[in-house]
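The structure appears right after this line, and notes come after that.
The numbers here are math on the coordinates, done by the rules we state, and not lab data. Please read these numbers as outputs of a predicted model, since none were measured by experiment.
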Amino acid sequence: MFGFGGRTLALAEKHRWMPSSQRREFAVIKTLANLKPEECELTFLPLKNPKQESQKTTRSKLKRDSSNHFDNVDQWQSIQGLFLNISIMAIPCLCSMAPKGLAPDTRLDNGSMSLIAVRNTSRADFIKHLKRYGSLKNQFSFPFVETYTVQEVKLKPQSTSGWADDSSEENVKVDSKRTPMISSEKNYPWNIDGDLMEASSEVNIRVHPRLITLFGVTTEEFDDSTVKCSCI
């Protein structure tokens, strides 16, 4: 996660002396209070046909896919602007805070990821979007939320000045509706599966399908909203 998710984790890591539950709540509230967008460019390779992609299992097809990945330059798409949060996920991430998952439409058998881009909006609308994760309603049914099924994503921050510390007093009086994050630092925080990573330039995220062979008798889709896991 980049943007709100990354800044929340970065702030929580600075307060590790607090109990974990209080630390998370404090970081979320503090980041929401100083909510600011990130100006960046997203370039991604869409997954054309997920059903067909999940049936590619032979070695010859795998080699062809690998070569075509670099040949299909025309299929790349690009969006840019101010974003409050960007999530790139290969699994649904079911948890108690999101019964349907953070990315409920993802699958493990088609070589895809979910790209969820939340464009700049008011703090009130962004909070409504976050609250939807804890219910059974569609958290993506907002005009400022865009979702894509992709094979690869390149995220490039447009501001060269990097990430500003949310606890800085000088950032409180900034108009978050129009002003991107600006600081003298050059690193942007990322939330990578609960671990903090900082990057100063373009980040490339790609699915590497069929690296692991799984064996099983039957597969079933589990649609129980009460299922929980510790994925975040």
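What to note about this one:
- You can think of it this way: the chain between Arg206 and Ser122 has 27.1 nm of extra reach, that is 0.36 nm per residue less the Cα-Cα gap.
- Backbone HN-Hα couplings from phi across segment 188-203 [Karplus 6.51/-1.76/1.60, Hz, Gly and Pro as x]: 10, x, 10, 9, 9, 6, x, 9, 8, 10, 10, 9, 9, 9, 5, 10
- Long-range HN-HN contacts of Ser200 with modeled amide H, under 5 Å: Tyr188
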